[in-house]
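Heads up: the structure comes next, in structure tokens.
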Protein chains: 2
Amino acid sequence: MPALNRDGLKIIQLDVKDVRFPTSLGSHGSDALHTDPNYSCAYVTITTENGKQGFGLTFTCGRGTEIIVLTIRALKRFVLGKNAADIFTDFASFWRAITNDSQMRWIGPEKGVIHLAVAAILNALWDLWARIENKPLWRLLVDMEPEELVSTIDFRYITDVVTKTEAVQLLKAKKSGKNERVKYLNDNGYPAYTTQVGWMGYSDELVKTLCHKYLNLGFTHFKVKVGVNFEDDYRRCSAVRNHIGNDKVLMIDANQAWSVNEAIEWVKKLAPLKPLWIEEPTSPDDVLGHATISKALRPYGIGVATGEMCANRVMFKQFLQSGGMQYCQIDSARIGSVNEILSVYIMAEKLKVKVCPHAGGIGLCEMVQHLQFWDYASLSGTMEGRLIEYVDQQHEHFVDPCIVENARYLAPKIPGYSTEFLPGTLEKYAYPNGSEWQRMFKEGIFPPPDEAELVN
Amino acid sequence: MPALNRDGLKIIQLDVKDVRFPTSLGSHGSDALHTDPNYSCAYVTITTENGKQGFGLTFTCGRGTEIIVLTIRALKRFVLGKNAADIFTDFASFWRAITNDSQMRWIGPEKGVIHLAVAAILNALWDLWARIENKPLWRLLVDMEPEELVSTIDFRYITDVVTKTEAVQLLKAKKSGKNERVKYLNDNGYPAYTTQVGWMGYSDELVKTLCHKYLNLGFTHFKVKVGVNFEDDYRRCSAVRNHIGNDKVLMIDANQAWSVNEAIEWVKKLAPLKPLWIEEPTSPDDVLGHATISKALRPYGIGVATGEMCANRVMFKQFLQSGGMQYCQIDSARIGSVNEILSVYIMAEKLKVKVCPHAGGIGLCEMVQHLQFWDYASLSGTMEGRLIEYVDQQHEHFVDPCIVENARYLAPKIPGYSTEFLPGTLEKYAYPNGSEWQRMFKEGIFPPPDEAELVN
């Protein structure tokens, strides 16, 4: 791509808002460990001197969003006053700087609160870049030369699996056919699966209704939450298997409920229901545990999926190296944004592991579609065994919501990374001062926040 | 121990303060990645109805401490109004609750900011417990029955390495001789090593002076920071080796500077200087990387040490399982306090890995001495190949500072966990309103904090 014109691209403002949705009222998003999430986000707006804007967010589950907001404020100084063109020209150095502040890295490093905050800021910068180039993010990535794309990645700590040179080679190897694959994506989109049928808090009747709804919508892959009570799991999974039939695919998700041996025993007993994968069987930090579980479940034809709480590229590297992950579930807002996610895709391609992005939380479907579209066009060149998670919640709040038709994500067409909120959403759901929250406090639906939790 | 009397033990207050020391002015604490730390902490005071108090802290490096403070406030609700006796009676359940809030665990879980905040609160609770029992913390632990001690630990995610039953057995196996070992500790203390001679920012002349100072103080083990520039490392390590002689022990510490292969090559070239261990050669999250490095350096007689940034017991478990860690450097304020640290000691004992605690940061020497004393008395029963890190900084701020004489930590005698600050320290170093900080802002030594970084 031609070099960016720096004129007017000095970043003069970075705003951050705490935005929460009362999803716990309907048990939407409930699972073994997250029993009452209020799907939320820290929402960043970056503005340049010439009025260009970038919008980025990190997903949260309600309480604690104020901590991410404060952390984003503490990281502002890395962005304000910088010229966006300079950031994009040497993006890996900027990434290293913002993730490795000599004092703040102690409270990370590159994990948890700090990394979620970094993700929101960098997501806004990638959105800004795509808007400046007047392209949806996936096309910005697809149009980059391999060297250019790889220049955004910090390879520290992953060179034992893939070097910069190898990364360029992997991308070059897929240059032929790229235009045809872009056309295919524009014409056909990308397959999705649904998690909507089996949230932990849903009644059997609702599960049945939803199975038929999503079958009618053309879905072939259905995910169900498990992990609290075995008999309950068996009953609910059997019901879903009956509703969808044996020609469709069932996945199960324990959201970290088990210790290693418990996971193996529990899932073996669910094996007759033929799940494709068990997702998050144990601690998201337990690489060796996942490898043990993967090995034990291989004879049953059940793979292990994980990644939504995988802290960074170093953890992904080990899951990929160890055989602990047969389905790599990158998340778009937990690790260090596109820069770091690209490195995970590249390691997965080298080690031949399928990437099936995690989505469902606020803005995640909107973001991961761009990444997976890029992967098909530029890196893996295949959709085989790959799907993007889809949950039909909160899309109505976005200017450019993802569109899923016939169980396929349609190609995003509007410039950017698709996570700009509609103005009405901020007015209603900004926490705690949005009009909907004020109404719910007044009506006693939620208690107002404790003073201790307020940033200011 | 007899059951606690609940009377008056309802917790009615939890205060938290941001306390920072301007250590960057003298390069004290500087290393490859932390070039200008201001040693700091979030400092918690818990008060019961009858006026009992517990003091706990988590160490930080300056910027970002305000984030920990806000997080501690968000976690207050787990503590306020609870009876402390009820917490201690079923400590593992309390631990699970505060580390796994259904909404806040998303921004962890059990790592980084959230876990550092939890550590400060739990450290204060352990201090409170020891004060109520009128014992220094190590004696509180030593006097517990194995079943009682183990009841404070959450075994989720580690039962593939050690179960509760096995933990009890390991403790029972060392019951005989415990009283003699307690007496030995009271009479002789526990060996220490010094990190004071080789901070990255120190001049050659200062390094020489300090080597001789610590030799004269009786130290036999000396640690030097490495990892920025090889020639510089070789020169500095050779100098220290010359100053201390071949009968003393040299350790080196890279503070995560390298990728895996780079670590191996760099340390091999320092092998002629006979370091005992290389500490933090690469990312603190890279279990498999550490295992690769350990294997490559074994023929050179160099072990791998790590742990100060190890996120939780699940990460420690893997380092211990994989052979990636020959020296287990538990930290007293990064993982979930004594409850979780005990589980790491127990896994290390089972897998026969030596524990050499990390210390040096604010209050860390004060805390880890208690843990290592307990380990010698009750669990490992040996000091062989084990030492406690010692850095002679900021001890003057504590009511009950650690005392190191003849390169040995002396047994703590005052009830509690030894991390209560003197009142004058809070008056001077509370950030940003303490009198020393106000003076330094006025004199232009440090800029005043940006409004964005203030909690309120």
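What follows draws every value from the coordinates through simple rules; no lab data is involved. Predicted model only: the values in this text are computed from it and were never measured. Neighbour counts are summed over all protein chains in view; Cβ atoms, including those assigned to glycine, are modelled from backbone coordinates with ideal geometry.
Values for this structure:
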item: Placed amide H near B:Tyr193: partners under 5 Å, 5+ positions off or other chain; result: B:Ile388, B:Glu389, B:Tyr390
item: Shortest-first distances to equivalent copies, position A:Glu384, nm, label 7 Å out along Cβ; result: 5.5
item: Loop GluC sites (Glu not before Pro), region A:320-401 (other Cβ atoms within 10 Å of the site Cβ: 10 or fewer; DSSP); result: A:Glu384
item: Sum of side-chain charges, B:Tyr184 neighbourhood, beta-carbon under 15 Å (Lys, Arg +1; Asp, Glu -1); result: +3
item: Under 11 Å, Cβ to Cβ, from B:Cys365 - net charge with Lys/Arg +1 and Asp/Glu -1; result: -3
item: Pseudo-label separations to other copies for A:Arg439 - Cα-to-Cβ vector, 7 Å, nm; result: 5.7
item: Karplus-derived HN-Hα couplings along region B:7-13 (A = 6.51, B = -1.76, C = 1.60, θ = phi - 60°), whole Hz, x at Gly and Pro; result: 3, x, 8, 5, 7, 10, 8
item: Kirkwood hydrodynamic radius (C-alpha pairs) into Stokes-Einstein, chain B, 37 °C and 0.692 mPa s, D in µm²/s; result: 147 µm²/s
item: Cβ-placed point charges (K, R +1; D, E -1), dipole of chain A about Cα centre in debye, nearest 20; result: 940 debye
item: Test item: Cα-centred dipole of the protein assembly as shown, Lys/Arg +1 and Asp/Glu -1 on Cβ, debye; result: 1540 debye
item: Reachable aspartates and glutamates from B:Lys413, criterion Cα separation under 14 angstrom, eight or more residues apart if same chain; result: B:Asp127, B:Glu133, B:Asp187, B:Glu366, B:Asp400
item: Size of region A:141-194 as Cα extents on the principal axes (Å, biggest first); result: 37, 30, 17
item: Label point 7 Å beyond Cα along the C-beta direction, distances from A:Thr159 to other copies (nm, shortest first); result: 4.3
item: Among B:Gly54, B:Ser343, B:Leu128 - extreme Cα towards positive end, dipole of chain B, charges at beta-carbon; result: B:Ser343
item: Which of B:Met309, B:Asn406, B:Pro449, positive extreme of dipole for chain B (C-beta unit charges); result: B:Asn406
item: Two-site FRET efficiency, B:Asn406 against B:Ala97, from Cβ-Cβ distance with R₀ of 51 Å, rounded to 0.05; result: 0.70
item: Count, lysine Cα pairs under 28 Å in region A:233-370, 8 or more residues apart or across chains; result: 22
item: FRET efficiency, A:Leu351 to B:Leu25 (Cβ-Cβ, R0 41 Å, nearest 0.05); result: 0.30
item: Check: region A:1-146 dipole with +1 on Lys, Arg Cβ and -1 on Asp, Glu Cβ, in debye; result: 260 debye
item: Among beta bridges that DSSP assigns inside chain A, antiparallel share in %, nearest 5; result: 55 percent
item: Sites matching trypsin sites (Lys or Arg not before Pro) across region A:377-456 that sit in DSSP coil, with at most 13 neighbouring C-beta atoms within 10 Å; result: A:Lys413
item: Neighbour net charge for A:Asp233 - beta-carbon separation under 15 angstrom, K R +1, D E -1; result: -1
item: Beta bridges by DSSP in the protein assembly as shown, antiparallel share as percent, to the nearest 5; result: 55 percent
item: Helical contribution to [θ] at 222 nm, DSSP H n ≥ 4, -39,500 (n - 2.57), averaged over the protein assembly as shown, rounded to 500; result: -12000 deg cm²/dmol
item: Cα-based Rg / Dmax (Å) for the protein assembly as shown; result: 27.0, 82
item: Backbone N under 11 Å from the A:Asn179 label point (7 Å along Cα→Cβ), restricted to region A:364-401; result: none
item: Region B:189-256 versus region B:102-132: alpha-carbon centroid distance in Å; result: 34 Å
item: Cα-based Rg / Dmax (Å) for region A:1-126; result: 16.1, 51
item: Approximate spin-label separation B:Arg77-A:Tyr300, in nm, with each point projected 7 Å along Cα-to-Cβ; result: 3.7 nm
item: Using a Förster distance of 60 Å, the FRET efficiency for A:Asp36-B:Asn246 (Cβ separation, nearest 0.05); result: 0.45
item: Global geometry of region B:169-409, whether rounded, prolate or oblate, following the gyration tensor of its Cα atoms and the 1.5 cut on a/c; result: oblate
